[in-house]
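Notes for the one structure printed next.
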Amino acid sequence: MHALTISLRMLRRDWRAGELRVLMIAVMIAVASVVAVDAFTDRVRLALESQANELLGGDLVVVSSEPVSAAYRDEARAQGLAVADAVSFPSMALANGYSQLGEIKAVSDAYPLRGRLFTAPRLFEFGTPATGVPAPGTVWVEPRLFNELRVAVGDDIALGNIRLTIAAVLTREPGRAGDVFTIGPRILMNIADLERTGLIQPASRVRYRVLVAGEHRAVARYRVFSDKQLGPGERLEGVEDARPEVRTALERARRFLGLAALVSVVLAGVAVATSARRYVARHLDNCAIMRCVGATHGTIMRIYTAQILVLGLVGSSAGCAIGYGAQMVLTDILGGLANIELPAPSLWPAVFGISTGMITLLGFALPPLLRLKQIPALRVLRRDAGDREAGNTVAYVLGVTALAVLILWQIGDLKLGIYVTLGIVTAFIVLAAVASLLVRLLRRLQPRGGVTWRFGVGGIARRAQASRLQIVACGLGILVLLLLTLVRNDLLRDWQARLPADAPNRFIINILPDQVEPVRQFFADAGQPAPQLFPMVRGRIEKINDRAVIASDYDDERAQRLVARDFNLSWTDRLQEGNKIAIGEWWGASGNGEHWLSVEEGIAKTLGIQIGDTLTYGIAGNVLTAKVVNLRSVEWDSFRVNFFVVTPPGVMEAYPATYITAFHLPRENQQFLNALVRAFPNATVIDVAEILAQVRLIVDRVTQAVRYVFLFTVIAGLLVLYAAIQSTLDERIRENAILRTLGASRRQLLKGLQLEFVVLGLLAGTVAALAATVIGYLLATRVFELGYTLNIWLWPAGLIGGMIGIGSVGYLGTRFVLNQPPLQTLRGL
Amino acid sequence: MTGAAPFANTMVAGASSSRQTTRNRFNMVASVASSIAIVRAEGLGQQVSGPAGTLDILADVSFTIARGESVAIVGASGAGKSTLLGLLAGLDTATSGKVWLNDTDLFALDEDGRAQVRGAMIGFVFQSFHLLPSLTALENVMLPLELAGRGDAESVARDVLGRVGLSARAGHYPKQLSGGEQQRVAIARAFAPGPALLCADEPTGNLDRATGAQVMDLLFDLNKELGTTLLLVTHDERLASRCGRRFELVDGRLKTP
């Protein structure tokens, strides 16, 4: 194909002449950042998940109310996954004439597949990692049971038909912290003894679990397999399903990183569009000549499209290489995060990266190139023919489509993707409008200045269209830099502030009403801060308005689970810290005795509950009916005590309640905990320190990683600035040559240039600071759901930074124009 | 008309037959009978509308140019010379009148059709050379041949470059060539596909007198040798006098001698 030969020849030469540098670098940056972030987030997600999986005991768990069919185990083994079994159910344990309802868990030898069991040889001693599981004939039990049954290690307890010997104190168990509200203490036994107990009867409440773990791709395949296999009463549990705190943290991490990559891509797109525009302007004559010697529209388009494709492939490949390299550095940063080997990055990020490169180029460079098609051959005789840039709807549609595709792809959420795309397009339009306005204002000021002012600042008004573009592009560049340096830090700080050093790491549940005061006193005596105790009543939702609530009415699996189990209800007249009213109003003290409900908005959405609905709860054989008056948002990752549903005081006091509290206890203060358990044997202390540490680790590491990933964004931002300044270079060279010929001194021209760029920087800075303020606010409140306070440094940083930055970069980038002898310049035209 | 028929077909025929005929054309052109009209203009007019109403740049221009003729279009600046050349070469369309090139109604074709006609039949030489800066001298000459899909582009281009005395400069880029050399490359590019019509717009306008003379000698020599029809726009009376015929434009109208 001849077009290809010609195209490659021209490309080679243009490359050597440096004409394609910005285009190429822009593509490389876009691809590199996408590949790095993708490959990296993928690996980190896997690493974080596998670490978080320790909390679950495996990578994936099949949970069923019936014995899990052999097919699940067979498939897991076929995929090369490790398999363990666990069966749990509540049952009475007897000893010394005492009885206690315990949470029995019978496990196979391989349990747990992730994480460790911790045991201690005696009560109130520190636990150490255990080897294996209880041997047949023995059990490991939680401290609480020792108090209830008055037993010690070495004693026997009766479970159903058999007697088992307590071999150790169970101090920690993977996934145990998740069951914060389970009723009884854990009794861990060997699955080999299970049948002999005779406790598994048709009507018993038994949970059968098959845990699997192994290589992540095999786990992913297994998830697909079992998803299809799931029958009634069966569900899959991954760590994200089990741990809302970890899930929230992971989701935010993904958003931060994805956003960073996305911004790089959009910026690279702007750089591509800007430099493609210049490229096109420089090729108008070439096109006219080719038309003259017989090239058809089609040939011209083929020649330039081939150039773009070749450029895209080369740039994307280079970007991929850089991206994979950068990803390794990122992995190093997160080295301490995962104890396990990170899975090797797959080739998908490369595929995604190259596609991103091609879409960026085609979407942003092709529209300006389409213009070349319309160049009349007459331009060879009349230079001005085809100079005017026709508004090309196709071009804009193409650009916006490319943008939308990239965003959707990166975000992976249609609704959010559309919002972001519309947001960016709106931002562009607003930026352009503000820029136009500023340029027009400048024109008004023009007649007042001296000759330098007229040439310098006048230049901005004269090249109105190019100036608008420069202001928008530079503004975008500055905007991103502002967002990155200031807003980003604010956001990350806010996120970290969610988990202060004294965030609660222990919960106490099952405190009886008459123990509330003694517990407070106990804390005070030990010099601990006063705990906040919340009443808790367990109830099951029975009706929404007049409609009976039945699990099978819901398609959503989470909804089915929620309605099938008891809710924890509470009452208060004070809105909990970290709770916000989303719809409706908080009752305050005035709600006393009113049958009102405040429902967490997430659960309201899942169960289809709306404000004004009347809910009926079954509580200990009685019925409570109340009206939903507000919906609350809750920070689930705050580690404070939170409830899905609360009422005002004076409504539920008659029902049996227990109290719950959360508090922070330094790890070394184990004595306090032991004394507490001894003083209140019925209460259960739950240790969430591990989950807390887990989430905090994610936050810290991701914060570091985000800083690094944003480097790409910074480079892309600078590239936009550079491309924008370059975009008027040719015109500037011509103008200066003519002015020099007419006798303008070098000094005059220098001052003019300086002034022009300083003013341009000021305008761009203004636009950027304005946008950064709005976007920072939107990002904080809408995307990351964090509080945001206006950073007043945005404005001085934007304005002064713009003036100095664009002023000096522009000046340095165009200074050489003045060093060229005018004749040489004019001849070259 | 029999001699012109193959060319007329060439313009509209498919790629394969066009390749066949263009290959032979370089040698054929010289032997084609010269008495047949190659360019015919009828009532040609070009108007532009400006703030002060419409302005006639060209009005009612009609003439016929026979194959192998050399014609100079002269006139003062703004008389409409370049506009006329642009219309005759199919670079622009007229507001009134028609142009036939080898019996093809130029304005009845679309832009791509005219581009094909230009590629197959017309060579151009411009005042400002208009070489592609990103291609070497040789590649510039090869360009129209390649666009026409000719497989022998390089050998033909080298041959023509040799004829204009620039074999040694084949690998140089336009920037590395003097004005005279650039114009010689442009001439080589114009003649390489063996056009039936050569349009030259002030070809010596950017050159000094001596270089200009050399370039014109080359242009006339090749024209004679290959039997091409020459259409020359110029200020230069001496240059005009070397042509067989002379059209003078005054305010967009053809001055009858």
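The values are calculated or read from the model by the stated rules, or taken from the named source; none is laboratory data. Since the structure is predicted, the reported quantities are computational estimates derived from the model, not experimental observations. All Cβ positions, even for glycine, are placed from backbone atoms using ideal geometry, and neighbour counts span all protein chains on display.
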Response to the item:
Pairing a residue in segment B:202-230 that is over 23 Å from A:Leu381 (Cα atoms) with any residue that is surrounded by fewer than 17 Cβ atoms within 10 Å (Cβ to Cβ) and small (Gly, Ala, Ser), where Cβ atoms lie under 9 Å and the two sit 6 or more apart in sequence or on different chains, gives B:Glu225/B:Ala30; B:Leu226/B:Ala30; B:Gly227/B:Ala30; B:Gly227/B:Ser31; B:Gly227/B:Ser34
Item to complete: Look at segment B:86-98 and say how many of its residues are surrounded by 21 or more Cβ atoms within 10 Å (Cβ to Cβ) and closer than 18 Å to B:Ala37 by Cβ.
Response: 4
Worksheet item: Would a scan of segment A:329-337 turn up a residue that is closer than 22 Å to A:Ala271 by Cα and either part of a helix (DSSP H, G or I) or at pLDDT below 80 (or both)?
Response: no
Response to the item:
Checked A:Ala524, A:Ala551 against criteria (over 30 Å from A:Leu438 (Cα atoms) and at pLDDT 90 or above); the one match is A:Ala524
Discussion item. Can you say whether A:Gly612 is touching a Pro at 6+ places or on another chain (Cβ under 6 Å) and either in contact (Cβ under 8 Å) with a residue 12 or more places away in the chain or surrounded by fewer than 19 Cβ atoms within 10 Å (Cβ to Cβ) (or both), as far as the supplied structure shows?
Written reply: no
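Condition check: over 16 Å from the mean Cα position of the chain (by Cα), at pLDDT 90 or above and closer than 25 Å to B:Arg40 by Cα. Does B:Ser241 satisfy that? Even if it seems obvious, please write down each step before you answer.
Numbers: over 16 Å from the mean Cα position of the chain (by Cα): yes; at pLDDT 90 or above: yes; closer than 25 Å to B:Arg40 by Cα: yes.
The answer is yes for B:Ser241.
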Response to the item:
Across (1) touching a Pro at 6+ places or on another chain (Cβ under 9 Å); (2) buried (at least 16 other Cβ atoms within 10 Å of the Cβ), A:Tyr655 clears everything bar (1)
Response to the item:
All-but-one check, B:Pro193 against (1) outside any loop (DSSP other than H, G, I, E, B); (2) in contact with a helix residue (DSSP H, G or I) (Cβ under 9 Å, 6 or more places away or on another chain), failing number (1)
Worksheet item: Is it fair to say B:Arg67 is facing chain A (nearest Cβ under 8 Å) and out of contact with any Asp or Glu (no Cβ under 9 Å at 6 or more places or on another chain)?
Response: no
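Residue under question is B:Leu198, and the condition is that it be at the interface with chain A (Cβ under 8 Å from one of its Cβ atoms) and either buried (at least 23 other Cβ atoms within 10 Å of the Cβ) or at positive phi (or both); does it hold? Walk me through how you get there before you give the answer.
Working: at the interface with chain A (Cβ under 8 Å from one of its Cβ atoms): no; either buried (at least 23 other Cβ atoms within 10 Å of the Cβ) or at positive phi (or both): yes.
Against the criterion (at the interface with chain A (Cβ under 8 Å from one of its Cβ atoms) and either buried (at least 23 other Cβ atoms within 10 Å of the Cβ) or at positive phi (or both)), B:Leu198 does not qualify.
Restricting attention to segment B:247-257, report how many residues are buried (at least 16 other Cβ atoms within 10 Å of the Cβ) and at pLDDT 90 or above. Don't jump to the end; show me each part of the working.
To start, the set of residues in segment B:247-257 that are buried (at least 16 other Cβ atoms within 10 Å of the Cβ) comprises B:247-249, B:252-254.
Pick out the ones that are also at pLDDT 90 or above and you get B:247-249, B:253.
Summing the residues that are buried (at least 16 other Cβ atoms within 10 Å of the Cβ) and at pLDDT 90 or above in segment B:247-257 gives 4.
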Discussion item. Being at the interface with chain B (Cβ under 7 Å from one of its Cβ atoms), in a helix (DSSP H, G or I) and either of a type in the set (S, T, N, Q) or within 16 Å of A:Ala17 (Cα to Cα) (or both) is the filter here; which residues of segment A:276-296 pass it?
Written reply: A:Asn286
Item to complete: Taking the residues in segment A:519-546 that are part of a strand (DSSP E or B) and among the basic types (Lys, Arg) as candidates, determine which candidate is surrounded by the most Cβ atoms within 10 Å (Cβ to Cβ).
Response: A:Arg538
Worksheet entry | Qualifying positions in segment A:711-743 - more than 17 Å from A:Ile25 (Cα to Cα) and either within 36 Å of the chain's Cα centre (by Cα) or crowded, with 18+ Cβ neighbours inside 10 Å (or both) | A:Thr728, A:Arg732, A:Ile733, A:Glu735, A:Asn736, A:Ala737, A:Arg740
Worksheet item: Can you name the residue in segment B:101-115 that is under 19 Å from B:Leu145 (Cα atoms) and surrounded by fewer than 23 Cβ atoms within 10 Å (Cβ to Cβ) and is also farthest from the other protein chains (Cβ to nearest Cβ) among such residues?
Response: B:Gly113
Worksheet item: Do the conditions hold for A:Pro681, that is, is it without any contact (Cβ under 8 Å) to a residue 24 or more places away in the chain and either surrounded by 21 or more Cβ atoms within 10 Å (Cβ to Cβ) or not in a helix (DSSP H, G or I) (or both)?
Response: no
Worksheet item: So, in segment B:138-169, of the ones that are within 24 Å of B:Asp208 (Cβ to Cβ) and assigned to a loop (DSSP other than H, G, I, E, B), which residue ends up farthest from the other protein chains (Cβ to nearest Cβ)?
Response: B:Gly165
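Evaluate segment B:103-110: report whether one residue or more is of a type in the set (Phe, Trp, Tyr) and outside any helix (DSSP H, G or I).
To start, the set of residues in segment B:103-110 that are of a type in the set (Phe, Trp, Tyr) comprises B:107.
Imposing the further condition that a residue be outside any helix (DSSP H, G or I) reduces the set to none.
Taking every residue of segment B:103-110 in turn, none turns out to be of a type in the set (Phe, Trp, Tyr) and outside any helix (DSSP H, G or I).
Kindly indicate which of B:Ala192, B:Ala186 is surrounded by 24 or more Cβ atoms within 10 Å (Cβ to Cβ), in contact with a strand residue (DSSP E or B) (Cβ under 6 Å, 6 or more places away or on another chain), more than 8 Å from chain A (Cβ to nearest Cβ) and in contact (Cβ under 8 Å) with a residue 40 or more places away in the chain. Can you show your working first?
Working: B:Ala192 fails: in contact with a strand residue (DSSP E or B) (Cβ under 6 Å, 6 or more places away or on another chain).
One residue alone meets the criteria, B:Ala186.
Kindly indicate whether any position in segment A:4-20 is away from chain B (no Cβ under 14 Å) and modelled with pLDDT of 75 or more.
First, the residues of segment A:4-20 that are away from chain B (no Cβ under 14 Å): none.
No, because not a single residue in segment A:4-20 is away from chain B (no Cβ under 14 Å) and modelled with pLDDT of 75 or more.
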Practice prompt. Quick one: which residue in A:Val549, A:Val563 is touching a residue at least 24 places away in the same chain (Cβ under 8 Å), over 31 Å from the mean Cα position of the chain (by Cα) and crowded, with 18+ Cβ neighbours inside 10 Å?
Written response: A:Val549
Worksheet item: With segment A:571-675 as the region, which strands (runs of 3 or more DSSP E) entirely inside it contain at least 1 residues that are touching a Lys or Arg at 6+ places or on another chain (Cβ under 7 Å)?
Response: A:579-584, A:596-600, A:614-619, A:622-634, A:658-663
Worksheet item: List the pairs whose first member sits in segment A:69-88 and is farther than 21 Å from A:Ala192 by Cα, whose second member is crowded, with 20+ Cβ neighbours inside 10 Å and of a type in the set (Phe, Trp, Tyr), and whose Cβ atoms are under 9 Å apart, counting only residues at least 6 apart or on separate chains?
Response: A:Glu75/A:Tyr222; A:Ala76/A:Tyr222; A:Gln79/A:Tyr222; A:Leu81/A:Tyr222
Worksheet item: In segment B:124-137, which residue that is outside any loop (DSSP other than H, G, I, E, B) and more than 8 Å from chain A (Cβ to nearest Cβ) is surrounded by the fewest Cβ atoms within 10 Å (Cβ to Cβ)?
Response: B:Val125
Practice prompt. Filter segment B:73-100 for residues that are touching an Asp or Glu at 6+ places or on another chain (Cβ under 9 Å), more than 11 Å from every other protein chain (Cβ to nearest Cβ) and not in a loop (DSSP other than H, G, I, E, B) and give the result.
Written response: B:Ile73, B:Val74, B:Gly75, B:Ser96, B:Gly97, B:Lys98, B:Val99, B:Trp100
